[in-house]
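In what follows, a single structure is set out as structure tokens and then discussed.
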Amino acid sequence: MRLAIELGQVGLASSLCLGAMTASAAPCDKPVYLTFDTGHMGVAPLIAEVLQRQEVKVTFFAAHEKTQEGDGTLGQHWAPWWRARANEGHAFASHTWDHAYWRADLQGDAHTGGVQKFRIRPSSGAQAGQNLVWTAKAYCDNLNQAARRLQVLTGQVPLPLFRAPGGKTSPRLIEAARQCGYAHVGWADAGFLGDELPSNTYPNAQLLQKALKTIRAGDVLMAHLGIWSRQDPWAPAVLEPLIVGLKARGLCFATLREHPAYRDWIRQRPMTLQSASVMPDSRQ
């Protein structure tokens with residue numbers, strides 16, 4: 001039964017592919033904003049093929065994470081992949097360098113020297129898994145490190161946006177990031193595409209059906225370039241049927257450059273990063 005469902009999804013993608021690609025040239029008046037956070041990159045080449053075939057532009061939020069092959073998501077191994085996505089017209093933004101999770105605010109008092117600090121737990125880099133205390137400047141430095149590396153890899157200045165790993169933030173963290181030039185981007189409730197969920201209880205067919213039913217124009221959608229824990233990968237199996245199905249509903253795709261909540265911020269605060277030619281060696 002499951003095989004029949006998956007074959008049916010492939011059939012849907014094939015039958016509507018030509019019409020959907022033709023429609024992609026029309027003005028985008030009912031946009032959704034598909035975004036990808038970095039992951040193990042095992043499915044990244046297949047995701048890129050789908051996006052190119054469907055003529056869909058997305059926004060990538062990148063951290064320097066461990067990968068199935070190569071020296072990390074923002075390492076030299078994946079450099080040609082990032083440059084190719086830039087040449088196709090995709091957009092890029094920071095996901096923090098160390099995929100650093102916010103855990104709590106620490107009030108600026110005598111214990112913190114009067115400086116706003118945050119409890120942070122990176123999942124990548126030399127301090128992965130450790131509970132750290134960062135100042136607002138340290139958090140901004142980590143955002144900048146990922147953005148600078150993206151600029152080197154893509155040849156274009158990233159957007160002045162960021163996504164906190166796991167979407168975990170506080171008003172104080174968001175304000176600290178805004179002070180150093182970054183606006184935070186979350187996702188719509190319907191835009192949580194479910195690729196982080198266990199596939200035995202949230203199979204691909206179920207996630208696809210829910211997304212096609214609930215996503216509306218204006219939604220920011222979120223998936224990953226590979227999830228270690230999911231046994232039946234969401235991408236690219238669900239990606240193309242989802243794109244085709246949303247196009248069939250009259251929706252179209254745009255990057256966050258065009259999002260009404262971020263357009264003015266992006267225009268008024270262009271990133272001015274001083275890029276390094278060599279990847280920072282924070283893993284040593």
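The values are calculated or read from the model by the stated rules, or taken from the named source; none is laboratory data. Worth saying up front: this structure is predicted, and the values here are computed from it rather than measured. Note that we place each Cβ from the backbone using ideal geometry, even for glycine, and neighbour counts take in every protein chain shown. Note: accessible area is taken over every heavy atom of the protein model, side chains too, but ligands, DNA and RNA are not part of it. Shrake-Rupley method; radii C 1.70, N 1.55, O 1.52, S 1.80 Å.
Considering only protein heavy atoms, what per residue accessible area in square angstrom results for the stretch 133-284 with a 1.4 angstrom probe?
Result: 46 Å² of accessible area for each residue.
With charges set only on the Cβ (+1 for Lys and Arg, -1 for Asp and Glu), what does the dipole of the stretch 87-155 come to about its Cα centre, in debye to the nearest 20?
So the magnitude is around 120 debye.
Test of understanding: what is the full-extension gain from T201 to A128, defined as 0.36 nm times their sequence separation minus their Cα-Cα distance? Can you show the working numbers first?
Working: separation 73, 0.36 × 73 = 26.28 nm, distance 2.88 nm.
This chain segment gains 23.4 nm when fully extended.
Sequence neighbours fewer than 8 away in the same chain don't count; with that in mind, list the lysines whose C-alpha is under 22 Å from K117.
K117 reaches K137, K168.
Mind listing P(r) for the stretch 59-182? All alpha-carbon pairs, 10 Å bins, whole percents.
All Cα pairs considered, the percentages come to 14, 44, 30, 10, 2, 0.
Would you calculate the convex hull of the Cα atoms in the stretch 123-166 and tell me its volume per residue in Å³?
Hull volume over Cα atoms, normalised by residue count, gives 95 Å³.
In a shell of Cβ-Cβ distance under 10 Å around L251, excluding L251 itself, what net charge do Lys and Arg (+1) and Asp and Glu (-1) give? Write down the numbers at each step before the final one.
On the way: positive: K30, R216, K247, R249; negative: D29, D219.
Taking every Cβ under 10 Å from that of L251, the sum is +2.
Measure off, as a whole percent, the carbon and sulfur share of the 1.4 Å-probe accessible area of the stretch 33-129, all protein chains present.
The computed percentage sits at 46.
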